[in-house]
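The values are calculated or read from the model by the stated rules, or taken from the named source; none is laboratory data. Bear in mind that the values here come from a model prediction, so they are computed numbers and not experimental data. No Cβ is skipped: glycine too gets one built from the backbone with ideal geometry, and neighbour counts run over all protein chains shown.
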Amino acid sequence: MARPRNDLHILTGVYALDALDTAAEVRRFERHMNRCEGCTSEVRGFRETATRLAIAVTRQPPPGLRAAVMAEVAGIRQVPGDRARRARRAALLPRLATAGAALGLAAAVSLAVVLVNTQNQLGQTQQQLGQAQHQLGQTQQQLSQAKRHLIAAQTQLAAINSVRTAADATLVTRATSIGGRVTVVKSAAKHQIVVTASGLPPLRAGKVYQLWLIGAPGNRIRSEGLLATHHGSSGPVLISGVLRGDTFGITLEPRGGTVQPTVTPIVGIPAS
Amino acid sequence: MRASEPELPRQQGGEDQYLDGLLSRVARGEKAAFEAVYDSLAGPVYGLILRVVRDPAQSEEVSQEVLLEVWRTAARFDPARGTAATWVLTIAHRRAVDRVRSAAAAAAREQRNAEIPVPHDDVAATVEASLDAERVRQCLESLTEAQRESITLAYYGGYSYRQVGERLGTALSTIKTRIRDGLIRMRDCLGVSW
């Protein structure tokens with residue numbers, strides 16, 4: 001574990017528990033945290049830890065709360081998203097906004113392997129660090145960055161596996177209207193599906209395969225990003241937040257994808 | 001590595017992903033997704049706020065503010081920086097602390113504290129929650145008494161570290177270190193992987 005380099009670093013715990021005394025103290029620590037990767041990652045870990053403390057004191061909310069909250073929601077205007085954040089989010093779960101950025105299984109695996117190697121190297125490096133204290137900060141930054149990437153890749157893989165091995169997992173394979181097959185493994189309990197495709201015909205120039213969740217009447221049609229294919233096959237793609245009545249579909253769209261489907265899907269499979 | 005570990009972390013990952021996905025739908029204005037977020041997190045939100053604020057009527061009020069804040073600002077949630085549950089419960093804890101830190105509220109609460117014992121969390125709402133509670137209790141027990149006391153007063157009590165120091169008659173620098181060391185131990189005991 002990182003030895004605190006100065007007094008401010010020791011405040012990670014106090015800060016994570018919202019236990020600093022004044023707004024000025026909070027600002028001072030946040031300025032420090034912006035320059036201190038170790039602090040940032042430690043605070044994140046502490047916050048996740050605090051979440052477990054919160055879950056441990058779960059109580060049934062008062063009966064009227066749900067209705068009161070839902071009644072108010074209609075009148076509350078939502079803040080728009082931050083573009084940069086959306087881009088990062090898209091990197092985790094591929095979406096339309098990042099055309100073709102679908103993170104396939106192969107990419108996730110190779111990322112994980114690279115990062116495992118990185119971590120091994122860091123292990124060796126750390127033995128030498130007694131003499132080279134100034135390298136420590138740098139190395140820690142790399143390590144926590146590597147850890148975050150690794151966790152993201154692992155989370156993606158674990159999520160895919162957990163859908164595939166869910167107790168209620170069911171598998172449906174359908175031929176598409178233009179050839180090839182699409183397989184959906186769905187878990188109603190997890191509200192997730194994993195999609196794979198094989199034998200799809202080669203795309204004409206300027207065309208992409210786009211994924212959709214088509215809601216039951218009253219719900220929306222939601223783009224779930226583009227399908228990256230290699231010789232007509234795709235790696236597993238995880239789609240989260242499936243609602244009851246959703247149908248999964250694929251359409252051929254112009255490069256970059258569209259906001260709503262413009263043509264009839266080549267395949268439609270019940271997703272819930 | 002973690003991916004090959006038994007059941008628990010995998011399910012955790014799935015649950016986290018599920019909530020992450022839901023929040024991005026909430027950000028796009030989908031009410032059905034918000035209802036699902038409510039059903040997953042209203043219990044922990046209310047339980048935490050009640051633990052800090054103590055008064056059920058005020059706790060309900062703060063819970064409502066927090067849940068509406070989640071709806072309003074869902075677009076600010078960034079899954080690269082933490083789980084959805086943590087994003088929501090961080091908002092909840094801050095709001096609860098704001099409520100009890102104002103001078104008048106603090107005085108009133110001191111009064112109540114003198115009369116009423118700290119509510120116990122033995123009435124966990126679900127079996128899952130009681131399993132979580134058991135794990136947390138075990139990990140809290142693995143701390144030194146001084147660490148446990150400081151963390152409990154700060155997080156569940158909503159006290160600032162200065163107030164914690166005053167209550168325990170302990171130097172501030174000691175409190176800072178205790179809370180940090182205790183959280184490190186707690187984090188490792190619970191297997192938190194951020």
Collect the residues in the range A:224-247 that are assigned to a strand (DSSP E or B) and either within 10 Å of chain B (Cβ to nearest Cβ) or buried (at least 20 other Cβ atoms within 10 Å of the Cβ) (or both), keeping them in residue-number order.
-> A:GLU224, A:GLY225, A:LEU226, A:LEU227, A:VAL237, A:LEU238, A:ILE239
Output the number of residues of the range A:20-39 satisfying the condition of being free of Cβ contacts under 8 Å to residues at least 24 places away in the same chain and either in contact with a helix residue (DSSP H, G or I) (Cβ under 6 Å, 6 or more places away or on another chain) or not small (Gly, Ala, Ser) (or both).
-> 13
Is there a residue being modelled with pLDDT under 85 and closer than 16 Å to A:VAL172 by Cβ anywhere in the range A:236-253?
-> yes
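Check A:SER162, A:SER198 and return the single one that is more than 14 Å from chain B (Cβ to nearest Cβ), among the small types (Gly, Ala, Ser), in contact with a Lys or Arg (Cβ under 9 Å, 6 or more places away or on another chain) and free of Cβ contacts under 8 Å to residues at least 40 places away in the same chain. I'd like the intermediate steps shown before the answer.
Numbers: A:SER162 fails: more than 14 Å from chain B (Cβ to nearest Cβ).
Residue meeting the stated conditions: A:SER198.
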Please note which strands (runs of 3 or more DSSP E) are completely contained in the range A:135-219 and include at least 3 residues that are in contact with a Pro (Cβ under 9 Å, 6 or more places away or on another chain).
-> A:181-187, A:192-198, A:207-214
Restricting attention to the range A:24-50, report how many residues are in contact with a Phe, Trp or Tyr (Cβ under 7 Å, 6 or more places away or on another chain) and basic (Lys, Arg).
-> 1
Boolean, A:VAL69 is part of a loop (DSSP other than H, G, I, E, B) and either at the interface with chain B (Cβ under 7 Å from one of its Cβ atoms) or modelled with pLDDT under 95 (or both) = no
Scanning the range B:1-26 residue by residue, the ones that are at pLDDT 80 or above and among the hydrophobic types (A, V, I, L, M, F, W, C) total 4
Please tell me if B:GLY29 is within 7 Å of chain A (Cβ to nearest Cβ) and at pLDDT 95 or above.
-> no
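Residue-wise test of (1) modelled with pLDDT under 90; (2) part of a loop (DSSP other than H, G, I, E, B); (3) among the β-branched types (Val, Ile, Thr).
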| residue | (1), (2), (3) |
| --- | --- |
| B:ALA108 | yes, no, no |
| B:ASP132 | yes, no, no |
| B:GLN147 | no, no, no |
| B:ILE151 | no, no, yes |
| B:VAL164 | no, no, yes |
Quick one: would you say A:VAL114 is over 27 Å from B:ALA74 (Cα atoms) and at pLDDT below 95?
-> yes
Condition met for B:SER173 (in contact with a Lys or Arg (Cβ under 7 Å, 6 or more places away or on another chain), facing chain A (nearest Cβ under 9 Å) and among the hydroxyl-bearing types (Ser, Thr, Tyr)) | no
What residue, among those in the range B:52-74 that are farther than 22 Å from B:SER160 by Cβ and in contact (Cβ under 8 Å) with a residue 40 or more places away in the chain, is nearest to the other protein chains (Cβ to nearest Cβ)?
-> B:TRP71
Filter result for the condition that a residue is facing chain A (nearest Cβ under 7 Å) and either hydrophobic (A, V, I, L, M, F, W, C) or closer than 23 Å to A:LEU20 by Cα (or both), over B:ARG148, B:ARG167, B:ARG180 = B:ARG180
Lone unmet requirement of (1) touching a residue at least 12 places away in the same chain (Cβ under 8 Å); (2) within 22 Å of B:GLY21 (Cα to Cα) for A:ARG220 | (1)
